[in-house]
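Single-structure report; data block below.
The values are calculated or read from the model by the stated rules, or taken from the named source; none is laboratory data. On a predicted model such as this, the values are computed, not experimentally measured, just so you know. Because the Cβ atoms are built from the backbone with ideal geometry, glycine has one as well, and the counts that use them run over all protein chains shown. Accessible surface is based on the protein model in full, side chains and every heavy atom, while ligands, DNA and RNA are left aside. Shrake-Rupley method; radii C 1.70, N 1.55, O 1.52, S 1.80 Å.
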Amino acid sequence: YTSELQFFYLADDLSPAEAQKDDDEFLDVETVAWADALSAIDRGEYRDSKTVAGLLAAARRLGIP
């Protein structure tokens with residue numbers, strides 16, 4: 001089907017900073033609790049495979065049930 005590879009990086013101990021973006025780029029940053037993000041997967045609110053795989057892999061790595 002595809003030979004595409006996905007790489008996910010888990011960063012921790014981060015602090016907020018102003019993003020440097022292009023003039024025509026718009027970015028909305030939202031903070032979501034782990035429980036809410038995982039529940040959103042269960043409810044089908046997050047449906048794209050990259051988001052789901054990344055969140056589930058990070059939760060597993062962090063020991064979040």
Neighbours by Cβ (under 7 Å, 6+ apart or cross-chain): first from segment 31-52, touching a residue at least 24 places away in the same chain (Cβ under 8 Å); second of a type outside the set (F, W, Y) and surrounded by 10 or more Cβ atoms within 10 Å (Cβ to Cβ): W34/A59; W34/I64; L38/L55; L38/A59
Complete set of residues in segment 6-51 that are charged (D, E, K, R), open to solvent by 100 Å² or more (accessible area, probe 1.4 Å), under 23 Å from P65 (Cα atoms) and in a loop (DSSP other than H, G, I, E, B): D12, D13, E30, R43, E45, R47
Restricting segment 1-35 to residues that are over 14 Å from A58 (Cα atoms) and of a type in the set (F, W, Y), the residue that is modelled with the highest pLDDT: F26
Close pairs from segment 1-23: first more than 24 Å from S49 (Cβ to Cβ), partner of a type in the set (A, V, I, L, M, F, W, C), Cβ under 7 Å, at least 6 apart: A19/L27; K21/L27
Flag for R61 being basic (K, R) and touching a residue at least 24 places away in the same chain (Cβ under 8 Å): yes
